[in-house]
Amino acid sequence: MLSALERFAPLPLQEDWDNAGLQVGLTEAEASGALLCLDVNEKIVDEAIVKGCNIIVSHHPLLFRGLKRISGEDYVQRVVIKAIKHDICVVSMHTNIDNARGGVNFKMAEKLSLANVRFFAEKTGADAGSGVVGELPESVSSEDFVAAVKKAFGVECAMCNELLKRPIRTVAICGGAGDFLLQQAIALGADAFITGEMHYHVYFGQEQKIQICVIGHYQSEQYTSEIFKSIINEECGELPVYQAETNTNPIIYL
């Protein structure tokens, strides 16, 4: 199963600051079931135990920085302890699946029914990239565009700059924290840019250049488990696979 995921999104595609791949457990463990999620916390491990899964596949790595001790003093340490105690492996596919063809940004484009989807921030020497761009089936007003994005991703609100006064057709996408690609999206002539989060000051000076639409980090990547499920089902069809019911978004909207 791990090899199937890594064939789809090879680990060398991850950014140099990332820590994708096997996080906890042994590679030779025989899989009893896989639980797919965005983040790993104690509730996710509990759900895996209840569902009889000994593998958790997450988008965001559980382990980003080295652990100097495992004493249970924070949630990461507690997750590691619980996973090991219950013989559960934790695997993360992060920026490697962000950057892969058919990965996170392609899934976002699919939810918006974009056509002619292609990379616009390509990785040198690889069929990979940090962002994608595509076209809507037809041009729409900025108001209708924002409404369509909210519906596609099930969000009640989006953080936008001044509404664009021209029709929107070409849309650039970067799931997660994508403001580092905003200027490239403008340079390629995109009418709109969708991402999960952006720094406050990046919004300034973009009025009528491009329609910014920021929908939340979790919300932008929520469909990643659908990619995992498709990969695993294709190569390990008999393995029980579950998309997590636990919502791990740490942000609540009041």
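Worth pointing out:
- Just so you know, in region 1-23 the residues that are farther than 14 Å from Pro61 by Cβ and hydrophobic (A, V, I, L, M, F, W, C) include one that is surrounded by the most Cβ atoms within 10 Å (Cβ to Cβ), and it is Leu13.
- When restricted to residues that are free of Cβ contacts under 8 Å to residues at least 60 places away in the same chain, more than 25 Å from Ile251 (Cβ to Cβ) and within 23 Å of the chain's Cα centre (by Cα), region 161-189 contains 3.
- Filtering region 243-254 to residues that are of a type outside the set (S, T, N, Q), under 21 Å from Lys51 (Cα atoms) and open to solvent by 80 Å² or more (accessible area, probe 1.4 Å) leaves only Glu245.
- Looking across region 65-98, the residues that are among the β-branched types (Val, Ile, Thr), more than 25 Å from Pro12 (Cβ to Cβ) and touching a strand residue (DSSP E or B) at 6+ places or on another chain (Cβ under 7 Å) come down to Val80, Ile84, Ile88.
- Test result for Phe119, of a type in the set (A, V, I, L, M, F, W, C), open to solvent by 10 Å² or more (accessible area, probe 1.4 Å) and out of contact with any Phe, Trp or Tyr (no Cβ under 7 Å at 6 or more places or on another chain): yes
- If you go through region 240-254 and pick out every residue that is not β-branched (Val, Ile, Thr) and not in a loop (DSSP other than H, G, I, E, B), you end up with 2.
- Contact map, region 63-87: first residue at positive phi, second residue surrounded by 11 or more Cβ atoms within 10 Å (Cβ to Cβ) and assigned to a loop (DSSP other than H, G, I, E, B), Cβ cut-off under 7 Å, separation 6 or more or different chains; pairs are Asp87/Asn54.
- In the set (1) within 21 Å of Ile232 (Cβ to Cβ); (2) open to solvent by less than 50 Å² (accessible area, probe 1.4 Å); (3) not hydroxyl-bearing (Ser, Thr, Tyr), the condition left unmet by Val76 is number (1).
- For Leu62, the stated conditions hold: it is in contact with a strand residue (DSSP E or B) (Cβ under 9 Å, 6 or more places away or on another chain) and surrounded by 21 or more Cβ atoms within 10 Å (Cβ to Cβ).
- Scan region 92-106 for residues that are open to solvent by 30 Å² or more (accessible area, probe 1.4 Å) and of a type in the set (D, E, K, R) and the total you get is 1.
- Of Glu197, Glu234, Glu238, all but one fail to be open to solvent by 40 Å² or more (accessible area, probe 1.4 Å), touching a helix residue (DSSP H, G or I) at 6+ places or on another chain (Cβ under 7 Å) and of a type in the set (Asp, Glu); the exception is Glu197.
The values are calculated or read from the model by the stated rules, or taken from the named source; none is laboratory data. The model shown is predicted, which means the values in this text are computed figures rather than measured ones. Cβ sites come from the backbone with ideal geometry, for glycine too, and all protein chains shown count toward neighbours. These area figures cover heavy atoms from the full protein model, side chains too; ligands, DNA and RNA do not enter into them. Shrake-Rupley method; radii C 1.70, N 1.55, O 1.52, S 1.80 Å.
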